[in-house]
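J.: Got a structure for you, written out below as structure tokens; questions coming shortly.
The values are calculated or read from the model by the stated rules, or taken from the named source; none is laboratory data. Note that the structure is predicted; figures quoted are calculated from it, not measured. No Cβ is skipped: glycine too gets one built from the backbone with ideal geometry, and neighbour counts run over all protein chains shown. Areas reflect the complete protein model, heavy atoms only, side chains present, ligands, DNA and RNA absent. Shrake-Rupley method; radii C 1.70, N 1.55, O 1.52, S 1.80 Å.
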Amino acid sequence: MEVLLVITTILVILPLLIIIYHVVTNGISALNWDLFTEELGSPSRAMQGRPTGLIHTMFGTLVVDFLALAIAVPVGIGAGIMLAEYPEHKLNPLLRIMNDTLNGMPAILKGLFAFALIVKPMGTFSGFAGGVALSFVMIPIIARTTESALMSIPWTIREAGLAIGLPRWRVVLSTVVPAAKTGLVTGILIGFARAAGEAAPLLFTSFGNNYLPNSWIGFLLNPVDTLPQRLYSLAISPYAEWHSMGWAAAIVLLGFVICCFIAARFATREKFNVS
Amino acid sequence: MARNDQQADSQMDLKKSPSALYHWLGDRIFSSLSVTLGITIILLALGMAWVLFAEGAAALREFGFFGFLTGTTWDPAVQLQFGTWPFLFGTLITSGAALAISIFPAIAVAIFSAEYAPRWLSAIIDNLVQLIAAIPSVVIGIWGIFVLAPWLRDTIYMPVYLWAEASMPALLPLLGNPIGYGMATATIVLSLMIVPYTTALTKDAIRSVPVAQREASRALGATRWEVIRMAVLPYARSGIMAGAILSLGRAIGETMAVAMLIGNKNTLPFSIFGAGATMPSVIVNEFREAVENLHVSSLMAIGFVLFILALVINLIAAYITRKLSISGGQTI
Amino acid sequence: MSNTHSQEPGVRITNLHTRPMNVRMETKNLTVTYGETIGVDNISIPIENKKVTALIGPSGCGKSTFLRALNRMHDLTRAARVSGEVLLDGEDIYAPDVNPVLIRRKIGMVFQKPTPFPTMSIFDNVVAGLKLVGIRDKKNLKETCERALTNAALFNEVKDRLGDPGVSLSGGQQQRLSIARALAVDPEVLLMDEPTSSLDPQATSRIEELIHTLKDQVTIVVITHNMQQAARVSDRTAFFFEGSLVEMGETQSLFTNPREKRTEEYITGRFG
């Protein structure tokens, strides 16, 4: 029986290693400096061998992802604080259910939601809509991990703070949050990594762009290119040159996600000295 | 909270000192802020359901809810007829098959990690399995397009198709076009992607089986595997089932890898190797180009159906956890 | 015969009043360690056939550790090291070619907290051990189940509801179910680790009666922290303290006339 279990485990893990292998080997050979300095332009650029790259994608991704963070971190942590620090609040059971529901919803639906909420009224696809869509992906994760991190701090710490006369809000901000900061940051990291890999919500919100915008504000107000969405477009395009750029995009995205994964694992392992 | 208010109020009555204000106002602002942010989430969840419904209402009104759900014609070009059944069918088949393929391997990995492997190996296995879930769907998609699909075509689909052509031609319609991009490939990729969810919950459930149960089983003369079969797995079954249902929930919502590998055919019948579609895949394929309002509305309505389906699955998982759990409601 | 308790390592003389005629199990220099900690230190005692041997002593004195060495339960604990011999009918159960799984069928164990398998019916619980041995014949299972439940003094109470879940019984009944389960595989020795600790007085006395009737069929070793119970149910008693055997002898004489001061102090409640 043990042999069967070992074989099965190997069969499950093998595809992962194969995927990583192919992404790395194909991606490395496709990486070049142009990737980080040139825009994509039309397909003819690549086909004719003229310089082409994904710099607009990289910037777009940064803008959209950090906008999403800026929205999701306050909301997620605020909700997490509500759940953990005010456990008696009547809305908490509902909040938990709603948060779990939101968490379990496919990301594509969050994209459709952001489309109706932002793109339609604005009349255009935009980086702003993309950021909002990704924040919908991040928020439930951050709320859940925040609650969990804060709850892991013993109640006695709060009592100690109150006993020396601190108001409740100071107790939370000055004693509980610092104690939980590893868990909080890890939660944000996990949410960020999840959202950074999502393409579906961006297809209907930031939409994509083959060029850099004319001004910085253009990242927010106009359609914008992001790495996951661009990877999708490149992969399904009929141009071999774009396919190889797709592998380059894949290795960048994969590398980023794996770094976040390792960082999150490392952080949570450090908390527990007895393994 | 109430007690603090009372204390603070009486402090305010006694002396309206700045520090009392600092306490009271600070607490008020802080709690209001937290609650507002918490309420935002509630509003988001409700808002999403509402918006999907409202945007899809036009289509639902046009075809009737059940008409829309069961209609088999999806024609944005000529007839402007939108029936979701092909995509609902595609979703159910691919997700169901993916669950069926992945469930036993996923449980086996959890058992090996929890019961047999030494701690260092267990940690490595767990991390690698969770890494599967962390890989972005588009990355798996591009790998699928350029590596997996051609390999499957050459190693499995074509040989089987050629064999059927020679020996059992009646099977051909069932097999379909073996070019590599289709239902089978999408299902295979899907089954890999959902393994981590079953494995994680199964491992948690296994680890929460009390030592006393294992000891009682051992004392009867059970081998390590017999202990697992007799005492551990039955006790853990609610957790295992919850993991499986959670995996199903993820499978139905999986978008990019499926959209990139499923071949995108909107009309039934689907075949094993041949192209097909799922609810998320058709939305991805058509939304950006959809022009007709009815088309957009229909895609939104599919989103609403997907929402309902995901909600139902999550509720079932929660119900199973509560009903079947022996120690009474282990939280997922 | 030496009655003194030597403190020198390596030279330990078991403080044994008399050696029984008919020895079923015996330990020779049995030592169990967990890493740096010594759980049980150089114990050599006999277990008399078809009699009840009680192990008493304060918490943490090693009686549970000792008991678990008798059916190789320490095999499951990574940090535990067992040295010495445990003989069943003269054969060392720790010999390299011995299969511990088979040992545990010959030497059964009942625990402090009753542990019926919650997903199984009463019937399935009782025959769980039989199925491990490969017995599937329905008639055989039924008969054995009935016999085991009768021997455990539970049959009459459950005979009409063998299909009910094992956990639907009361605490005392669950413990008798656990005993029935252990008896069903027809063990030669039954080890009981504080079997009545978690039960009410009525259930406790039923189990004590049961032990009394069972000893005609099985050799019993029972741990108890209740000295009155030891006095009531056992034929021989061993007193453990901090991992060592202090004294062992016939129950009556140990309790009325203990030879060691520490035994006397424990029995009269001065510590423990």
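J.: Just to be sure I understand the filter: pairs with C-beta atoms under 8 Å, separated by 6 or more residues or on different chains, first member in region B:157-172 and within 19 Å of B:T185 (Cβ to Cβ), second member open to solvent by 90 Å² or more (accessible area, probe 1.4 Å). Which pairs pass?
T.: Every condition considered, the pairs that remain are B:L172/B:E165.
J.: How about region A:135-179: which of its residues are of a type outside the set (V, I, T) and over 29 Å from A:A68 (Cα atoms)? So that I can check it myself, show each step before the final result.
T.: Our first condition is that a residue be of a type outside the set (V, I, T); within region A:135-179, this holds for A:135-136, A:138, A:140, A:143-144, A:147-152, A:154-155, A:158-163, A:165-170, A:173-174, A:178-179.
Scanning region A:135-179 gives A:P154, A:W155, A:R158, A:E159, A:A160, A:G161, A:L162, A:A163, A:G165, A:L166, A:P167, A:R168.
J.: Take the residues in region B:20-51 that are polar (S, T, N, Q) and touching a helix residue (DSSP H, G or I) at 6+ places or on another chain (Cβ under 9 Å); name whichever of them is surrounded by the fewest Cβ atoms within 10 Å (Cβ to Cβ).
T.: Let us first name the residues in region B:20-51 that are polar (S, T, N, Q), namely B:31-32, B:34, B:36, B:40.
Restricting the remaining residues to those that are touching a helix residue (DSSP H, G or I) at 6+ places or on another chain (Cβ under 9 Å) gives B:31, B:34, B:36, B:40.
On the way: B:S31: 20, B:S34: 23, B:T36: 13, B:T40: 20.
Here the residue is B:T36.
J.: Can you tell me which residue in region A:3-26 is nearest to A:D225 (Cα to Cα), limited to those that are hydrophobic (A, V, I, L, M, F, W, C) and open to solvent by less than 30 Å² (accessible area, probe 1.4 Å)?
T.: A:V23
J.: Residue by residue through region A:169-183, note down the ones that are farther than 13 Å from A:T146 by Cβ, among the polar types (S, T, N, Q) and under 25 Å from the mean Cα position of the chain (by Cα).
T.: Listed by number, the list is empty, since nothing qualifies.
J.: For region B:98-113, check the following and say yes or no: at least one residue is within 14 Å of chain A (Cβ to nearest Cβ), under 27 Å from B:M279 (Cβ atoms), open to solvent by 50 Å² or more (accessible area, probe 1.4 Å) and not basic (K, R).
T.: Looking only at region B:98-113, we keep the residues that are within 14 Å of chain A (Cβ to nearest Cβ), and these are B:98, B:101-113.
Still in the running and under 27 Å from B:M279 (Cβ atoms): B:98, B:101-106.
Then keep just the ones that are open to solvent by 50 Å² or more (accessible area, probe 1.4 Å); that gives B:101, B:104.
Those left that are additionally not basic (K, R): B:101, B:104.
Yes, the conditions are met somewhere in region B:98-113.
J.: Take the residues of region B:73-86 that are out of contact with any Leu (no Cβ under 6 Å at 6 or more places or on another chain) and in a loop (DSSP other than H, G, I, E, B): which is nearest to B:N285 (Cα to Cα)? Reasoning before the result, please.
T.: The initial filter retains those residues of region B:73-86 that are out of contact with any Leu (no Cβ under 6 Å at 6 or more places or on another chain), namely B:73-79, B:81-83, B:85.
Still in the list and also in a loop (DSSP other than H, G, I, E, B): B:73, B:76-79, B:83.
Working: B:T73: 17, B:P76: 12, B:A77: 14, B:V78: 18, B:Q79: 19, B:G83: 16 Å.
It comes out as B:P76.
J.: When only residues in region B:302-326 that are at the interface with another protein chain (Cβ under 7 Å from one of its Cβ atoms) and closer than 15 Å to B:M241 by Cα count, which is most open to solvent (accessible area, probe 1.4 Å)?
T.: Here is the first cut: in region B:302-326, the ones at the interface with another protein chain (Cβ under 7 Å from one of its Cβ atoms) are B:303, B:306-307, B:310-311, B:314, B:326.
Next, only the ones that are closer than 15 Å to B:M241 by Cα stay: B:314, B:326.
Values: B:N314: 46, B:I326: 65 Å².
Per the criteria, the residue is B:I326.
J.: Scan region B:219-233 for residues that are open to solvent by 30 Å² or more (accessible area, probe 1.4 Å) and either among the hydroxyl-bearing types (S, T, Y) or facing another protein chain (nearest Cβ under 7 Å) (or both) and jot them down.
T.: Here is the first cut: in region B:219-233, the residues open to solvent by 30 Å² or more (accessible area, probe 1.4 Å) are B:223-226, B:229, B:233.
Hits for region B:219-233 are B:T223, B:W225, B:E226.
J.: Continuing with this model, one more query. Of everything in region B:249-278, what is more than 8 Å from chain A (Cβ to nearest Cβ), open to solvent by less than 10 Å² (accessible area, probe 1.4 Å) and over 14 Å from B:P136 (Cβ atoms)? Give them in sequence order.
T.: Across region B:249-278, the qualifying residues are B:A251, B:L261, B:I262, B:G274, B:G276, B:A277, B:T278.
J.: Among the candidates B:A54, B:A133, B:A77, single out the residue that is in contact (Cβ under 8 Å) with a residue 24 or more places away in the chain and either out of contact with any Cys (no Cβ under 7 Å at 6 or more places or on another chain) or open to solvent by less than 30 Å² (accessible area, probe 1.4 Å) (or both). Steps first, please.
T.: On the way: B:A54 fails: in contact (Cβ under 8 Å) with a residue 24 or more places away in the chain; B:A77 fails: in contact (Cβ under 8 Å) with a residue 24 or more places away in the chain.
B:A133 is the lone residue from the list that is in contact (Cβ under 8 Å) with a residue 24 or more places away in the chain and either out of contact with any Cys (no Cβ under 7 Å at 6 or more places or on another chain) or open to solvent by less than 30 Å² (accessible area, probe 1.4 Å) (or both).
J.: Just to verify a result, which residue in region C:152-182, among those that are among the hydrophobic types (A, V, I, L, M, F, W, C) and open to solvent by less than 20 Å² (accessible area, probe 1.4 Å), is nearest to the other protein chains (Cβ to nearest Cβ)?
T.: Residues of region C:152-182 among the hydrophobic types (A, V, I, L, M, F, W, C): C:152-155, C:158, C:162, C:167, C:169, C:177, C:179-180, C:182.
Next, from what is left, pick out any that are open to solvent by less than 20 Å² (accessible area, probe 1.4 Å): C:152, C:154, C:158, C:169, C:177, C:179-180, C:182.
On the way: C:A152: 15, C:L154: 17, C:V158: 19, C:L169: 15, C:L177: 11, C:I179: 12, C:A180: 12, C:A182: 7 Å.
So, considering only residues that are among the hydrophobic types (A, V, I, L, M, F, W, C) and open to solvent by less than 20 Å² (accessible area, probe 1.4 Å), the one nearest to the other protein chains (Cβ to nearest Cβ) is C:A182.
J.: So, in region C:96-115, exactly how many residues are open to solvent by less than 50 Å² (accessible area, probe 1.4 Å) and more than 18 Å from the chain's Cα centre (by Cα)? If you could, list the steps in order and put the result at the bottom.
T.: If we filter region C:96-115 for residues that are open to solvent by less than 50 Å² (accessible area, probe 1.4 Å), which is where we start, we get C:98, C:100-101, C:103-105, C:107-111, C:114-115.
So of that shortlist, the ones also more than 18 Å from the chain's Cα centre (by Cα) come out as C:98.
The qualifying residues number 1.
J.: Where in region C:53-139 are the helices (runs of 4 or more DSSP H), entirely inside, with at least 2 residues that are more than 22 Å from C:L154 (Cβ to Cβ)?
T.: Working: elements: C:63-69, C:100-106, C:122-133.
Here the list reads C:63-69, C:100-106.
J.: Suppose the filter is facing chain B (nearest Cβ under 7 Å) and either surrounded by fewer than 23 Cβ atoms within 10 Å (Cβ to Cβ) or not charged (D, E, K, R) (or both); does A:P74 pass it? Lay out the reasoning, then the answer.
T.: On the way: facing chain B (nearest Cβ under 7 Å): yes; either surrounded by fewer than 23 Cβ atoms within 10 Å (Cβ to Cβ) or not charged (D, E, K, R) (or both): yes.
Yes, satisfied.
J.: A further question follows. If you check A:S29 against the conditions, is it out of contact with any helix residue (DSSP H, G or I) (no Cβ under 9 Å at 6 or more places or on another chain), touching a residue at least 24 places away in the same chain (Cβ under 8 Å), surrounded by fewer than 16 Cβ atoms within 10 Å (Cβ to Cβ) and more than 10 Å from chain B (Cβ to nearest Cβ)? Full working, then the answer.
T.: Details: out of contact with any helix residue (DSSP H, G or I) (no Cβ under 9 Å at 6 or more places or on another chain): no; touching a residue at least 24 places away in the same chain (Cβ under 8 Å): yes; surrounded by fewer than 16 Cβ atoms within 10 Å (Cβ to Cβ): yes; more than 10 Å from chain B (Cβ to nearest Cβ): yes.
Against the criterion (out of contact with any helix residue (DSSP H, G or I) (no Cβ under 9 Å at 6 or more places or on another chain), touching a residue at least 24 places away in the same chain (Cβ under 8 Å), surrounded by fewer than 16 Cβ atoms within 10 Å (Cβ to Cβ) and more than 10 Å from chain B (Cβ to nearest Cβ)), A:S29 does not qualify.
J.: While we're looking at this one, here's another question. Taking the condition of being open to solvent by less than 80 Å² (accessible area, probe 1.4 Å) and either within 20 Å of C:D41 (Cβ to Cβ) or not in a loop (DSSP other than H, G, I, E, B) (or both), how many residues in region C:234-261 meet it?
T.: To start, the set of residues in region C:234-261 that are open to solvent by less than 80 Å² (accessible area, probe 1.4 Å) comprises C:234-241, C:243-249, C:251, C:253-255, C:258, C:260.
Next, only the ones that are either within 20 Å of C:D41 (Cβ to Cβ) or not in a loop (DSSP other than H, G, I, E, B) (or both) stay: C:236-241, C:243-249, C:251, C:253-255, C:260.
So the answer is 18.
J.: Right, something else. If you go through region C:21-47, how many residues are open to solvent by less than 10 Å² (accessible area, probe 1.4 Å) and either hydroxyl-bearing (S, T, Y) or closer than 16 Å to C:I220 by Cβ (or both)?
T.: Total satisfying the criteria: 5.
J.: Within region C:181-195, is even one residue over 22 Å from C:K106 (Cβ atoms) and in a helix (DSSP H, G or I)?
T.: no
J.: Let me ask you something else. Which condition from (1) free of Cβ contacts under 8 Å to residues at least 40 places away in the same chain; (2) within 18 Å of the chain's Cα centre (by Cα) is the one that C:S178 breaks?
T.: All conditions are met except number (1).
J.: A:L69 is checked against (1) surrounded by fewer than 24 Cβ atoms within 10 Å (Cβ to Cβ); (2) at pLDDT 95 or above; (3) touching an Asp or Glu at 6+ places or on another chain (Cβ under 7 Å); (4) not charged (D, E, K, R) and fails just one. What number does that condition carry?
T.: (3)
J.: Do we have any residue at all in region C:133-141 that's more than 8 Å from chain B (Cβ to nearest Cβ), under 21 Å from C:L70 (Cα atoms) and in contact (Cβ under 8 Å) with a residue 12 or more places away in the chain?
T.: Keep residues of region C:133-141 that are more than 8 Å from chain B (Cβ to nearest Cβ), which gives C:134-141.
Next, from what is left, pick out any that are under 21 Å from C:L70 (Cα atoms): none.
Within region C:133-141, not a single residue is more than 8 Å from chain B (Cβ to nearest Cβ), under 21 Å from C:L70 (Cα atoms) and in contact (Cβ under 8 Å) with a residue 12 or more places away in the chain.
J.: Within region A:78-90, restricting attention to residues that are part of a helix (DSSP H, G or I) and facing chain B (nearest Cβ under 8 Å), which residue is surrounded by the fewest Cβ atoms within 10 Å (Cβ to Cβ)?
T.: Start the filter on region A:78-90 by keeping residues that are part of a helix (DSSP H, G or I), which leaves A:78-85.
Cutting the leftovers down to facing chain B (nearest Cβ under 8 Å) gives us A:78-79, A:81-83, A:85.
Details: A:G78: 24, A:A79: 31, A:I81: 26, A:M82: 26, A:L83: 26, A:E85: 22.
Selected residue: A:E85.
J.: Which of the residues that make up region A:106-143 are among the hydrophobic types (A, V, I, L, M, F, W, C), facing chain B (nearest Cβ under 9 Å) and under 19 Å from A:I188 (Cα atoms)?
T.: A:A107, A:F136, A:I139, A:A143, listed by residue number.
J.: Another question, then. Taking the condition of being closer than 15 Å to C:G35 by Cα, open to solvent by 40 Å² or more (accessible area, probe 1.4 Å) and either in contact with a helix residue (DSSP H, G or I) (Cβ under 7 Å, 6 or more places away or on another chain) or modelled with pLDDT of 90 or more (or both), how many residues in region C:74-92 meet it? Walk me through it before giving the result.
T.: First pass over region C:74-92, keeping only residues closer than 15 Å to C:G35 by Cα: C:74-83.
Within this subset, residues satisfying the condition of being open to solvent by 40 Å² or more (accessible area, probe 1.4 Å) are C:75-79, C:81-83.
After this cut, where a residue has to be either in contact with a helix residue (DSSP H, G or I) (Cβ under 7 Å, 6 or more places away or on another chain) or modelled with pLDDT of 90 or more (or both) as well, the list is C:75-76, C:81-83.
Looking only at that region, the number is 5.
J.: Starting from region C:66-82, take each residue that is within 13 Å of chain B (Cβ to nearest Cβ) and list its partners that are among the hydroxyl-bearing types (S, T, Y) and part of a strand (DSSP E or B), counting only C-beta distances under 6 angstrom and pairs at least six apart or across chains.
T.: C:A79/C:Y34
J.: Check region A:206-226 and report whether any residue there is open to solvent by less than 10 Å² (accessible area, probe 1.4 Å), part of a helix (DSSP H, G or I) and closer than 30 Å to B:L21 by Cα.
T.: Scanning region A:206-226, I find no residue that is open to solvent by less than 10 Å² (accessible area, probe 1.4 Å), part of a helix (DSSP H, G or I) and closer than 30 Å to B:L21 by Cα, so the answer is no.
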